[in-house]
Amino acid sequence: MAAAPTLEDCHAIQQLLYRYCEIVDALDWDAMGDVFSDDTVGIYNGMEVDGLAALISSGKHNMTRSTVAATQHNVSNARISTVGDQMRCVSNYYAVHFGAGSFADKVCSMWGVYDDTLQRTADGWRIVRRDYTSIAIQGDERMLFAGEDASWDAS
């Protein structure tokens, strides 16, 4: 049986989630290595993104100040457990996005779940897999996809 996560591990993982929110709110895509491993896999509402470089590229292309003036991402209810030599953290998120440019009068809010698998590295905990599921989206999500129709099913 795997050992329960320590308080130090739980704190570090929660801080990692907060760092993710900080990075996205700043649209500081190059800092994603602070949170994700180089070989991370992301499943975003069924769409797979393989590797940190692809994750950064996707962020830089899709969510820019030309369509998003400001965002606020929040994460809560982190449930952390040990799975072998990794950790699993399931948490809830809420994010609000205020539009820019042709979306200046629009707001897009999202609620959902991050289901993360984390590995301890020399630089601390890193997400090696994120299963991202939107539960609800309210508003014009095109601002999050470079002004184009969303590439996932938002239903």
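The values are calculated or read from the model by the stated rules, or taken from the named source; none is laboratory data. These numbers were taken from a predicted model, which means no experiment stands behind them. Positions of Cβ are backbone-derived with ideal geometry, glycine not excepted, and every protein chain shown enters the neighbour counts. Areas reflect the complete protein model, heavy atoms only, side chains present, ligands, DNA and RNA absent. Shrake-Rupley method; radii C 1.70, N 1.55, O 1.52, S 1.80 Å.
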Discussion item. Could you go through the stretch 31-38 and let me know if any residue there is on the phi > 0 side of the Ramachandran plot, under 14 Å from the mean Cα position of the chain (by Cα) and surrounded by 14 or more Cβ atoms within 10 Å (Cβ to Cβ).
Written reply: no
Discussion item. Within the stretch 78-92, does at least one residue satisfy the condition of being part of a helix (DSSP H, G or I), of a type outside the set (Asp, Glu) and farther than 18 Å from ASP123 by Cα?
Written reply: no
Worksheet item: When you look at TYR114, is it hydroxyl-bearing (Ser, Thr, Tyr), assigned to a strand (DSSP E or B) and closer than 19 Å to GLY33 by Cβ, yes or no?
Response: yes
Practice prompt. Write out, first by first residue and then by second, each pair whose Cβ atoms fall under 9 Å of each other, whose residues are 6+ apart or on separate chains, and whose first residue, in the stretch 6-18, is closer than 14 Å to VAL75 by Cβ and of a type outside the set (Lys, Arg) while the second is open to solvent by 20 Å² or more (accessible area, probe 1.4 Å) and at pLDDT below 95.
Written response: ILE13/PRO5
Item to complete: Just name the residue that is least open to solvent (accessible area, probe 1.4 Å) out of those in the stretch 1-27 that are out of contact with any Gly (no Cβ under 9 Å at 6 or more places or on another chain) and in a loop (DSSP other than H, G, I, E, B).
Response: PRO5
Worksheet, complete the sentence: The condition of being in contact with a strand residue (DSSP E or B) (Cβ under 9 Å, 6 or more places away or on another chain), open to solvent by less than 20 Å² (accessible area, probe 1.4 Å) and outside any loop (DSSP other than H, G, I, E, B) holds, among ILE127, ILE135, only for ILE127
Fill in: When residues of the stretch 39-53 are limited to those that are of a type in the set (Gly, Ala, Ser) and under 16 Å from TYR132 (Cα atoms), the one most open to solvent (accessible area, probe 1.4 Å)
GLY46
Worksheet item: Among (1) among the hydroxyl-bearing types (Ser, Thr, Tyr); (2) more than 19 Å from GLN119 (Cβ to Cβ); (3) in a strand (DSSP E or B), which single condition is SER58 missing?
Response: (3)
Worksheet item: When both residues are 6+ apart or on different chains and their Cβ atoms are under 7 Å apart, which pairs have a first residue that lies in the stretch 55-84 and is surrounded by fewer than 17 Cβ atoms within 10 Å (Cβ to Cβ), and a second that is of a type in the set (Lys, Arg)?
Response: SER81/ARG88
Practice prompt. Kindly check whether there is at least one residue in the stretch 98-110 that is within 30 Å of PRO5 (Cβ to Cβ), free of Cβ contacts under 8 Å to residues at least 24 places away in the same chain, more than 12 Å from the chain's Cα centre (by Cα) and loosely packed, with under 14 Cβ neighbours inside 10 Å.
Written response: no
Worksheet entry | Residue check for THR117: within 14 Å of the chain's Cα centre (by Cα), open to solvent by less than 60 Å² (accessible area, probe 1.4 Å), closer than 25 Å to GLU8 by Cα and polar (S, T, N, Q) | yes
Worksheet item: How many residues does the stretch 85-96 contain that are open to solvent by less than 40 Å² (accessible area, probe 1.4 Å) and within 13 Å of VAL24 (Cα to Cα)?
Response: 3
